[in-house]
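As structure tokens, the structure follows; a few thoughts come after it.
The values are calculated or read from the model by the stated rules, or taken from the named source; none is laboratory data. Source: prediction; values computed, not measured. Don't worry about glycine lacking a Cβ; one is built from the backbone with ideal geometry, like all the others, and counts go over all protein chains shown.
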Amino acid sequence: MQVQNKHHRFTKIGLVGSGLVLGLMLSLTYSAVAEKMVKPQLPLDDLRAFAEVFGKIKSDYVETVEDKKLISEAISGMLTGLDPHSTYLDPDAFKDMQTATQGEFGGLGIEVGMEDGLVKVVSPIEDSPAYAAGLKSGDLVIKLDETPVKGMTLNDAVKRMRGKPGTQIVLTVVRKNETKPLLFTLTRDVIKNKSVKYKMPEPGYAYVRITQFQERTVEDLAKAIKTLHSENKGPFKGFVLDLRNDPGGLLNGAVGVSAAFLPKGELVVYTEGRAPDSKMQLTAIPENYARGGAANDYIRDLPEDLKTVPMAVLINSGSASASEIVAGALQDHKRAAVIGTQSFGKGSVQTIMPMNNGAAIKLTTARYFTPKGRSIQAKGIVPDYIVEDGTDQSGNIHEADLTRHLSNPKDEKSAEPVKPVVTNAAKEAAKEKINEKKYAEPPAPIEPASKDDIQFVQAMNLLKGLPVKSEPPAKAEAAKTN
């Protein structure tokens with residue numbers, strides 16, 4: 001995340017997300033070529049031990065192993081042992097990651113992580129095979145076709161889920177409150193993720209959903225708002241910004257979306273790390289979100305009422321990183337009320353560093369903070385109004401559930417692993433049901449912004465001045481820790 005001058009600022013700012021979208025690493029990331037070489041003092045005794053192990057494998061392992069594979073696995077292990085988001089991207093994974101930010105890539109459309117040897121769903125991408133099939137945040141994948149996931153690395157699982165568009169794969173899934181595993185038969189496809197969706201659910205009320213922060217998100221948001229404003233033929237009465245199940249994306253997109261609703265120059269997010277160039281303050285000015293600066297500022301001529309219209313932001317446990325930055329900024333500036341459930345809690349910064357062999361490493365280099373200095377790392381954004389989605393099917397996986405997650409610097413307790421009910425229940429269910437022959441029928445997903453969307457309905461109630469059926473944040477947070 002090296003920002004040395006204005007010319008380089010946009011070549012450095014990269015991705016913001018939480019996990020692995022079928023091999024596509026999405027994190028709060030500054031995409032950067034390393035411009036300075038640090039010469040560390042090498043621990044010779046440890047390197048001798050490494051060389052000794054390397055030699056033993058070469059001479060005594062039951063099968064011949066290529067040097068390239070051993071080195072690659074060693075690099076991968078060195079990074080994944082640090083935290084859940086640092087990783088080694090082989091050339092194919094690196095290319096896939098770059099393609100994903102442009103909004104089109106192949107696969108199932110599911111962002112995943114791994115816990116205790118099982119694949120965990122962080123968030124399905126809207127309009128993807130995974131979303132259409134009904135996969136949810138918190139689901140545990142225990143089988144890929146007939147192969148158990150236990151024992152696989154995350155990269156191995158991801159490679160099995162990849163494949164040619166049109167081919168099928170069966171995922172066996174354990175879900176909280178389901179007594180039997182769920183079977184999902186998914187057809188791989190080219191994922192064309194439409195970043196911004198919008199509609200006018202009622203006269204005077206605008207609804208915009210951001211599914212992922214991509215290169216065109218700010219531009220598409222501006223077009224959506226202008227279209228809705230024209231359709232409404234006047235100022236809005238209320239505005240719902242839906243960031244549920246948004247795993248993140250480009251940081252400048254998060255800053256630009258925030259800037260659309262905040263006064264110019266307001267602080268959106270800042271970062272802190274050990275290296276001097278890991279410290280940044282990103283404010284609501286074109287230089288921080290518009291490629292090319294003010295000349296390409298798509299939000300410069302948005303309707304004036306957008307800065308003051310009553311506003312609600314929807315989040316859930318699938319909202320991570322970039323979406324948490326937006327929700328946190330609007331909440332801190334008291335610009336919007338946040339409704340839904342506690343967000344994922346991905347508050348660390350990763351830097352993408354390309355390597356000479358076409359691969360790259362993604363290394364955690366900093367934490368990010370909301371304008372009021374809150375770190376959402378391992379905590380997430382707590383909504384102003386706690387409203388469950390009504391399905392009781394989400395596993396509510398959070399950053400704090402992940403092994404080796406970074407602690408929250410302002411909360412020492414967050415350094416201790418959280419033991420959520422869903423994780424234990426899912427593990428027990430996986431043990432009991434992994435060989436089960438009968439399976440439950442996966443329920444269909446709820447249509448966002450429909451009459452069945454409880455969180456959206458409560459957001460509309462708030463904007464209309466009607467009572468909101470919610471749980472106090474303090475009570476909900478206490479229930480989570482008990």
Inside segment 295-351, can you point out the residues that are free of Cβ contacts under 8 Å to residues at least 24 places away in the same chain and either within 19 Å of Arg209 (Cβ to Cβ) or not acidic (Asp, Glu) (or both)? Ala295, Asn296, Arg300, Thr308, Lys334
Can we say Ser128 is under 30 Å from Lys237 (Cα atoms) and under 16 Å from the mean Cα position of the chain (by Cα)? no
Looking only at segment 235-251, count how many residues are surrounded by fewer than 24 Cβ atoms within 10 Å (Cβ to Cβ) and over 22 Å from Ala449 (Cα atoms). 0
How many of the residues in segment 292-317 are of a type in the set (Gly, Ala, Ser) and either surrounded by fewer than 19 Cβ atoms within 10 Å (Cβ to Cβ) or touching an Asp or Glu at 6+ places or on another chain (Cβ under 7 Å) (or both)? 4
Looking at segment 137-148, which of its residues are over 22 Å from the mean Cα position of the chain (by Cα) and of a type outside the set (Lys, Arg)? Leu144, Asp145, Glu146, Thr147, Pro148
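So which of Ala449, Ala476 is surrounded by 15 or more Cβ atoms within 10 Å (Cβ to Cβ), in contact with a strand residue (DSSP E or B) (Cβ under 8 Å, 6 or more places away or on another chain) and either modelled with pLDDT of 95 or more or within 30 Å of Lys143 (Cα to Cα) (or both)?
Values: Ala476 fails: either modelled with pLDDT of 95 or more or within 30 Å of Lys143 (Cα to Cα) (or both).
Sole residue among the options that is surrounded by 15 or more Cβ atoms within 10 Å (Cβ to Cβ), in contact with a strand residue (DSSP E or B) (Cβ under 8 Å, 6 or more places away or on another chain) and either modelled with pLDDT of 95 or more or within 30 Å of Lys143 (Cα to Cα) (or both): Ala449.
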Cβ pairs under 6 Å, 6+ apart, first in segment 147-176 and in contact (Cβ under 8 Å) with a residue 24 or more places away in the chain and aliphatic (A, V, I, L, M), second crowded, with 16+ Cβ neighbours inside 10 Å and assigned to a loop (DSSP other than H, G, I, E, B): Ala157/Val149; Val158/Leu22; Val158/Gly23; Met161/Leu22; Met161/Leu108; Val173/Asp139; Val174/Pro181
Has segment 285-299 got at least one residue that is closer than 15 Å to Ala222 by Cβ, out of contact with any helix residue (DSSP H, G or I) (no Cβ under 7 Å at 6 or more places or on another chain) and not in a loop (DSSP other than H, G, I, E, B)? yes
Kindly indicate whether Ile315 is β-branched (Val, Ile, Thr), more than 20 Å from Tyr289 (Cα to Cα), under 15 Å from the mean Cα position of the chain (by Cα) and modelled with pLDDT of 95 or more. yes
Count of segment 129-173 residues which are part of a helix (DSSP H, G or I), surrounded by 19 or more Cβ atoms within 10 Å (Cβ to Cβ) and small (Gly, Ala, Ser): 3
Could you tell me which numbered condition Asp305 fails, if it satisfies all but one of (1) more than 13 Å from the chain's Cα centre (by Cα); (2) closer than 19 Å to Leu243 by Cα; (3) of a type in the set (Asp, Glu); (4) in a helix (DSSP H, G or I)? (2)
Output yes when any residue across segment 174-191 is over 28 Å from Gly345 (Cβ atoms), part of a loop (DSSP other than H, G, I, E, B) and among the polar types (S, T, N, Q), and no when none is. yes
Of the residues that sit in segment 433-446 and are more than 30 Å from Ile210 (Cα to Cα) and assigned to a loop (DSSP other than H, G, I, E, B), which one is modelled with the highest pLDDT? Tyr439
In segment 174-205, which residue that is β-branched (Val, Ile, Thr) and crowded, with 16+ Cβ neighbours inside 10 Å is modelled with the lowest pLDDT? Ile191
Of the numbered conditions (1) under 14 Å from Leu302 (Cα atoms); (2) out of contact with any Pro (no Cβ under 6 Å at 6 or more places or on another chain), His229 fails exactly one; give the number of that condition. (2)
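Out of Leu144, Leu135, report the one residue that is aliphatic (A, V, I, L, M), in contact (Cβ under 8 Å) with a residue 24 or more places away in the chain and under 23 Å from Glu388 (Cβ atoms). Full working, then the answer.
Values: Leu144 fails: under 23 Å from Glu388 (Cβ atoms).
Answer to the selection: Leu135.
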Given the criteria hydroxyl-bearing (Ser, Thr, Tyr), outside any loop (DSSP other than H, G, I, E, B), within 27 Å of Ser343 (Cα to Cα) and touching a helix residue (DSSP H, G or I) at 6+ places or on another chain (Cβ under 8 Å), does Tyr207 qualify? yes
